[in-house]
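The values are calculated or read from the model by the stated rules, or taken from the named source; none is laboratory data. Remember, predicted model here, so these are calculated numbers, not experimental data. Counting neighbours? That spans all protein chains shown, and the Cβs are built from the backbone with ideal geometry, glycine included. Calculation scope for accessible area: heavy atoms of the full protein, side chains included, ligands and nucleic acids excluded. Shrake-Rupley method; radii C 1.70, N 1.55, O 1.52, S 1.80 Å.
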Amino acid sequence: MSLEGKNVVLGVTGGIAAYKACELCSRFRKSGAQVYVIMTKNACEFVAPLTFETLSNHPVVTDTFKRPDTWEVEHVALAKRADLFVIAPATANIMAKMACGIADDMLSTTVLATRAPVLIAPAMNTGMWENIATRENAETLKRRGVHFIGPEGGFLACGDNGAGRMSEAKDIFEAAEKILSAAQDLAGLRLLVTAGPTQEKLDPVRYITNRSSGKMGYAIAEAAAARGAQVTLVTGPTNLAIPAGVQGVKILSTQDLYDEMMNRYEEQDIIIQAAAPADFTPDQVADQKIKKQGDGNLIISLKQTPDVAAAVGKKKKPGQTLVGFAAETNDVLENAQGKLVKKNLDMIVANDVTAPGAGFDVDTNIVTFVTAEGMETLPCMQKRQVADELLNRVLNLRK
């Protein structure tokens, strides 16, 4: 695609992979984007600023206190100008500064001031990348919505063989292009997504749950936010970070989920229920840890939990679009069709969780979209791709 009219600020830090940033800069320029390069002092030891000035056709910024040719606060001007902020290579040092909000040079100051999406391509020694401080900084930045690509594994300049090699310029460019080209066709719509499992307490240390990772629901929330929706993510316990631009609401039990949905459904335009709430909960919760009773068996009495999707369906308002999920192990399409009617849904997404590539805690899915008009099965694809395909069909339903 053409990036004509887009402004990319490219930050280059001090690593041997800085030479790859030259190709990246060239790719942005050839696509039509305007590229403004900021180099750290250490980056200038690897690649001369003149190289980037020639490739970008703009002066390279290296000094916070250099007087600009025009009267403007340069780091603020660049921060506001950016449609996308890319840092490649991103050293452990710049990641630590970003995580802590440190602004002590032109690059760290400008990225702190920008409101544009930020994409970083880490590059460092394997030991540095695997160090707990770097890993925690990376997780902090991801939680704040910073996009990551890489690092890759392989032979490093230091002689190590492992994770830490910067992604190739082609791959970084494609990731940047994807961020810049995100459609805003959900702008102005309020969308609620549910995700993850629930936990039904048995005693102070045990609970009943399921194998849902939450990845599908989180992918939908991320995709919807990227397309301009005002997104609320009601999520059970997962190991995932709330996507950028998404309001996260954490719950534990199916009753918690029911309560949140009853409080929030009315203000939503689109509700997509991808969570896997438990269908049953212990009839009684023990005050103390349940001990073994000799050689006898333990019998636990269970009662049904609220049917959250059905409850929302009963209260469906004109103009709302409701989507459910049916994770099945048998009679997948028949069960999905029954739920579509019973829960008053506009569409249900059915999948066989026993199928390779479509089970729990994987990054791919194989789904069938079921509506009153018919069915459509997609091939195995990444859950983020499934999310966008789902949102495309939701928009068609609303036309």
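All other residues whose Cβ lies under 11 angstrom from that of ASP388 are scored, Lys and Arg at +1 and Asp and Glu at -1, for a net of +2. Put a plus charge on the Cβ of each Lys and Arg, a minus charge on the Cβ of each Asp and Glu, and nothing anywhere else: the dipole of region 127-250 about its Cα centre is then about 500 debye. Each Cα pair under 8 Å and six or more residues apart adds its separation to the average, and for the chain the resulting relative contact order is 11 percent.
Distance from the C-alpha centroid of region 106-166 to that of region 42-58: 21 Å, rounded to the whole angstrom.
The per residue volume of the convex hull around the alpha-carbon atoms of region 250-396 is 158 Å³. Rounded to the nearest 500, the helix-only mean residue ellipticity at 222 nm of the chain stands at -10000 deg cm²/dmol, with each DSSP H run of n ≥ 4 adding -39,500 (n - 2.57). Counting only protein heavy atoms and using a 1.4 Å probe, what share of the accessible area of the chain belongs to carbon plus sulfur, as a whole percent? Summing carbon and sulfur atoms, their accessible area is 48 percent of the total for the chain. When GluC sites (Glu not before Pro) are flagged only if DSSP places them in a loop and at most 14 other Cβ atoms lie within 10 Å, the longest unflagged stretch of the chain comes out as 73-372. Surface exposure of region 158-273, expressed per residue as accessible area with a 1.4 Å probe, stands at 42 Å². Which one of SER213, SER181, SER301 has the biggest mean-square fluctuation once the chain is modelled by GNM with Cα springs under 10 Å? Taking springs between Cα atoms under 10 Å, the residue moving most is SER301. Can you give the % of DSSP beta bridges in the chain that are antiparallel, to the nearest 5? About 30 percent, rounded to the nearest 5. An ellipsoid equivalent to region 1-62, defined through the eigenvalues of its Cα gyration tensor, has semi-axes of 20, 11, 9 Å when rounded to whole angstrom and sorted largest first. Compactness check for region 97-210: Cα Rg over 2.2 N^0.38 Å is 1.44.
What is the total of Lys pairs in region 248-399 with C-alpha atoms under 19 Å apart, excluding same-chain pairs fewer than 8 positions apart? Eligible lysine pairs with Cα atoms under 19 Å apart amount to 14. A 1.4 Å probe over all protein chains sorts MET124, MET375, MET95 by accessible area into MET375, MET124, MET95, starting with the largest.
Considering only ALA326, GLY154, MET262, the residue lying farthest towards the positive end of the dipole of the chain is MET262, judged by Cα position with unit charges set on Cβ. Over every Cα atom in the chain, the radius of gyration and the widest Cα-Cα span, Dmax, amount to 24.6, 84 Å. Between region 355-399 and region 1-35, the C-alpha centres lie 34 angstrom from each other. Each Lys or Arg adds one and each Asp or Glu subtracts one; over the other residues with Cβ under 13 Å from the Cβ of SER253, this totals -2. Separation of region 256-315 and region 170-235, taken as the distance between their Cα centroids, equals 21 angstrom.
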